[in-house]
Structure formats: C-alpha cells, structure tokens
Amino acid sequence: KKNFYKLLKKVDKKIFLGLVVIIFAVIGYLLTPIFYDKNKTKDQLEAQIINQYNLKVKLDESLIYGLFPKPHFFSKNTLIEYKGNDIAVSNSTKIYISIKNLFSPDFLKMKNLVFNQTNFEIKSTDFKFFTNLLKKNENDRKINFSNSKLFYLDKNNDVVFNIQFKNLNYLYQENVLSKILSKLKIFDVP
C-alpha cells in the first residue's frame, strides 16, 4: 500500500505539473500579440482590409488587443474613406484575426470585420460605396455594421434623410452570390 501511495503521489505531481505547463503555454500563445509593434500591426491590418475587402480605413493610434470571445484587435474612431473622402466614422471597430499565425506578426490573417456605432455621411456620388464592397471579396469572411446611422446629404451638405441600421451584414461565400442582409429604419419606419 505504501508503494502504491508513493506511486500515486508521483503521478499526481506529474499530471499537475503537465497541466500547469499546458495552461501557461496556452495563455502565452494567446497573449503574444500584446508584444507586437502597434504601428506596424496597424499598417498591416489597414493594408489587408484594402486588399481583402476593397475598403480603405484609418485605424485609431491606440490599437488594443482583445482575447475574448475570439482574438481580435479593437480600434476606436476608425475613419472609412471612399474616393478620397471620409464618409464614415466608427466608434468601435473589431478586427477578428486567425489564431494560426499568432506568433508571427508579419503574417497575421484577418477573419471578420465588425463596425459598431458607425455614422455614415453619404452624398449621391458616394452611394456606390455599398455596392463596391460586394464586388471585391470572394472569401468566407464578413463585414458587419451594427447600430449605425446613415445620413444622406444633398449638394449643400444638408441632411435629406437618415437611416438607422440595426445590422448591415455583408456575407461572402465561395461559389455563392455575395449578399447583404439588413434590418433598418428609414423615416422611423422598419
């Protein structure tokens, strides 16, 4: 019995030590982006957004890494440009990234974009912005605008009408038509 208890204690210590090593390895793996150069990461993410989504953005200088619910970078006051004009400001932008290349900051891969509380100021010449987002992307990624507003401006920059988006989702799937799903109110009518 004494030998059995000694053997059990040795096995328990090895299992405990193994679990501690695994937990620290997982936490270290997921917290690695904290040590990235923020300016380089910001430039890389902006370039990937242009290439993959045909969407030009200027991320805020204070790019923050978030771990939950999925690894992502968070930016406040993100500017969205179209044809050289700032057409929108997003108060909260999340760029979800793939876990596969987390250790190599030069090879980060984006999965999805989520813009929250975005205020669009669109003129008639800028309205093609929404259809151009559908043309470029051919991946299994999505863009989501939630709790956003669109102000349609006339030639004198006066608001003609506004639209409140609860959700505006751009879905891209292989071998399937790209589509937009939205819930919105125009003139306070759903």
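The values are calculated or read from the model by the stated rules, or taken from the named source; none is laboratory data. Keep in mind it's a predicted model, so treat the numbers as computed, not measured. Cβ placement follows ideal geometry from the backbone for every residue including glycine, while neighbour counts extend to all protein chains displayed. Ligands, DNA and RNA are stripped out before the accessible areas are found, and what is left, the full protein with its side chains, is counted by its heavy atoms. Shrake-Rupley method; radii C 1.70, N 1.55, O 1.52, S 1.80 Å.
Tabulated results
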{"item": "Condition met for K58 (open to solvent by 40 Å² or more (accessible area, probe 1.4 Å), among the charged types (D, E, K, R) and either out of contact with any strand residue (DSSP E or B) (no Cβ under 6 Å at 6 or more places or on another chain) or on the phi > 0 side of the Ramachandran plot (or both))", "result": "no"}
{"item": "Only listed residue being open to solvent by 40 Å² or more (accessible area, probe 1.4 Å) and assigned to a helix (DSSP H, G or I), chosen from F68, F74, F24", "result": "F24"}
{"item": "Every residue from segment 27-55 that is surrounded by 12 or more Cβ atoms within 10 Å (Cβ to Cβ) and either aliphatic (A, V, I, L, M) or outside any helix (DSSP H, G or I) (or both)", "result": "L30, L31, Y36, L45, I49, I50, N54, L55"}
{"item": "Filter pass, F129 being under 11 Å from the mean Cα position of the chain (by Cα), touching a residue at least 12 places away in the same chain (Cβ under 8 Å) and open to solvent by less than 20 Å² (accessible area, probe 1.4 Å)", "result": "no"}
{"item": "Lone qualifier among K142, K136, K123 - being surrounded by 14 or more Cβ atoms within 10 Å (Cβ to Cβ), more than 20 Å from I50 (Cα to Cα) and modelled with pLDDT under 90", "result": "K123"}
